[in-house]
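Here's the structure, in structure tokens; my notes come after.
Nothing in this text is a laboratory measurement; each read-out follows from the coordinates by a stated rule. Keep in mind that what you see is a predicted model, and the values were worked out from it rather than measured. Note: ideal-geometry Cβ built from the backbone for every residue, glycine included; neighbour counts use all protein chains shown.
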């Protein structure tokens, strides 16, 4: 693994708040549609076994802009 490669953080389970989640298999036409057209995938919590839909992309925190007087 290269030094520039970073692991994407897992989404947080909406039921128990645990961050030990993983992507799981898509079930049905609706989840396939969400995956390919809305970029959403099903995830499963390893702690409470809850299943939920979440974005496949990591949301980057917005950098705070520093305005300096001239």
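At a glance:
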quantity	calculated
Inter-probe distance in nm under a simple model that places probes 7 Å from Cα toward Cβ, at residue 25 and residue 52	2.3 nm
Virtual spin-label span in nm between residue 39 and residue 18, 7 Å along Cα→Cβ	2.9 nm
